[in-house]
Each structure stands twice: as C-alpha cells, then as structure tokens.
Amino acid sequence: MGLTIAKGYLLARTPYRIFDEIITILTSNGARIALLALGTRKLQSKNARNLFFGHLLEFSFFAARTSKKVSKLKSVHTLVAVPWTIERNIALLNCNQLFMQMPILTKEFAEFYTWALALIKQQIKPWPTLLFIVQKLFALYNFEFVTDQCVLCGKKTELVTYSLPAGGLICHNCCSPAQRQSIDTKTTQALFALFHSDLPTIVKIFNDRMCRKLIQMLLTTLNYHLGSHFHL
C-alpha cells in the first residue's frame, strides 16, 4: 500500500468492530473513498479528535491495491474548522447523505458540496437551506424542472398540477381529473415560487413541513428521470 494524502470532507462514519470505524470522505477532486479508521472509537484516539463533519481535513491513508480491500487511514488533520453547532446541522447531515447516494462524483460535484457547505455555515434555517440545495441539484444534473409554463403545451396560465413523467407543471387543459387531485393548488404554487426565489425568500415563505414535502417531490423527480436512488 502506498501512502496517499488528500484534502476533503468527512461524509459518513460507520461503526466497525469494537473500536474501529469505516469513514467515507469526499476529496477536493470529487473522489468518494471509504477508509478503515482503526481505533477512532477510543476516547484517547488522536484521529477521532479531528473527525468532524463540515471541517476541511487532510487525510493520510494507505490506498488499497485491489477493489476487494479497504484503504486504511493513517492520520487526519484539521485545515479549516467550523463552529461546533454545524456538526449536527440537519442540512449538513442530509446533504452528506445525498452525496453518499450519488452514483457518480466528479470535481464539479466536489465544488458543489463546497458551495453547499458555505451556505450551511451561515446557519440559516436548516430545512429551507436544504430545500434550496436540493433545488440546485437540478442544474448540477443539467435537468430542467419546468415551472414557468406547461411542460406539455407551453401554456403560461392555469398551471394546476405537477407531472412526474413530464418533469414539471402542467396546465388545466393537459391534465386529467386524477392528476388535478394528485397535489393541491398550494403545493403547485410553492413549486413555482421555489424555482423563482432566492434563499432569503424561501426562508420567509416556506415552513419546515412544506420544505420537507417539496424536497421529497424533487428527489422523486430526480430518481424517476435519472435512475438515481435519493432518499432522506
């Protein structure tokens, strides 16, 4: 095994055996790597003192030579720390979960994570922040969620409901009675507002319950069209 040094962020910590963990990191180049971290569940572990979500970290590890083996963590050091309140932030924990579920990661995705983390560090309300981040995933995947006109006919008025197969809002003429009952008018209006608002506006107009509902709708849309398996 050769020693590798990489900068990045901690995405997940999974207990392994009695005192060990499997940690997953996201490097600045967009690589997601699982590392066997020996002894990090011990109170006296030096490495455990630096394993915090949200910190920019430097990892030294012995890279596995085959895909059947796991790379082993040697040491980890904090480069940029964040306030302790960020560690259990709902937006950060859920964002990490989404990045664990992404089938493919690139440097562009790593840059997106850094942007999302900077947003989370502002410690605005977590659910609106997470909703804003999930909404921006559509641009990252080059998928347009159509809200300013009927996705089927292009009509800009009487947008009454949402079509999962079409990936956007549809008008009164294009939807069936069953589709009109699938979501209420308030949710349809919320979807339109979401894609035409900045974060401060989202914080003002959406409560946590609506944020969670819209997040699930957006993730369901991405799963349907991209074949992904996002869930929170």
Requested in this report: Counting only C-alpha contacts under 8 Å and six or more residues apart, can you give the relative contact order of segment 1-123 as a whole percent?
Outcome: 26 percent
Report task. Taking a cut-off of 29 Å between Cα atoms, list the lysines near Lys186, but don't count ones fewer than 8 places away on the same chain. Result -> Lys125, Lys136, Lys155, Lys156, Lys204, Lys213
Report task. Identify, among Asn96, Ala81, Ala116, the residue whose Cα sits farthest towards the positive end of the charge dipole of segment 73-127, taking +1 on the Cβ of Lys and Arg and -1 on the Cβ of Asp and Glu, with the dipole about the Cα centre. Result -> Ala81
Query - Largest-first principal axis extents, alpha carbons of segment 103-232, Å - result: 43, 33, 23
Query raised in the report: If you build a Gaussian network model of the chain, linking Cα atoms that sit under 10 Å apart, which residue out of Ile104, Ile25, Ile215 swings the most?
Result: Ile104
Report task. Just name one of Leu169, Gly8, Met217: the one whose Cα is farthest towards the positive end of the charge dipole of the chain (beta-carbon charges, Lys/Arg +1, Asp/Glu -1). Result -> Gly8
Query raised in the report: Taking amide hydrogens as modeled 1.01 Å from N in the peptide plane, which residues meet the under 5 Å criterion relative to His172, leaving out close sequence neighbours?
Result: Val160
Report summary line: Rounded to the nearest whole number, the per residue volume of the convex hull around the C-alpha atoms of the chain in Å³ is 137 Å³
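In Å³ and rounded to a whole number, note down the convex hull volume per residue for the Cα atoms of segment 26-154.
Taking the convex hull of the Cα positions in segment 26-154, it is 132 Å³ per residue.
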Query raised in the report: For the chain, modelled as a GNM with alpha-carbon contacts under 10 angstrom, which of Gly168, Gly154, Gly30 fluctuates the most?
Result: Gly154
Query raised in the report: How high is the relative contact order of segment 62-187, in percent, with contacts defined as C-alpha pairs under 8 Å that are six or more residues apart?
Result: 14 percent
Requested in this report: Filter the trypsin sites (Lys or Arg not before Pro) in segment 94-193 to those in DSSP coil with at most 12 other Cβ atoms within 10 Å of their Cβ, and list the result.
Outcome: Lys156
Report task. Take the alpha-carbon centre of segment 92-137, take the same for segment 185-212, and report the distance between them in whole Å. Result -> 18 Å
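Using the Cα centre as the reference, give the magnitude of the dipole from point charges on the C-beta atoms of the chain (Lys, Arg: +1; Asp, Glu: -1; all else neutral), rounded to the nearest 20 debye.
900 debye
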Report summary line: Ignoring GluC sites (Glu not before Pro) buried by more than 15 other Cβ within 10 Å or outside DSSP loops, the longest site-free run in the chain is 1-86
Requested in this report: Compute the acute angle (0 to 90°) between the alpha-carbon long axis of helix 90-101 and the principal axis of greatest extent of the alpha-carbon atoms of the chain; round to the nearest 10°.
Outcome: 80 degrees
Report summary line: If every Lys and Arg gets +1 and every Asp and Glu gets -1 at its Cβ, then about the Cα centre segment 57-175 yields a dipole, in debye to the nearest 20, of 580 debye
Query raised in the report: With r defined as the distance between the Cβ atoms of Thr4 and Arg41 and R0 fixed at 25 Å, what FRET efficiency is calculated, to the nearest 0.05?
Result: 0.60
Report summary line: Gyration tensor on Cα atoms of segment 1-81, a ≥ b ≥ c root eigenvalues, a/c under 1.5 rounded, else prolate if a/b beats b/c, else oblate, says oblate
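None of the figures in this text is laboratory data; all of them are computed from the coordinates on show. Computed from a prediction, not measured in an experiment: that's the story for all the values here. Here the Cβ is made from the backbone with ideal geometry for all residues, glycine too, and neighbour counts use every protein chain on show.
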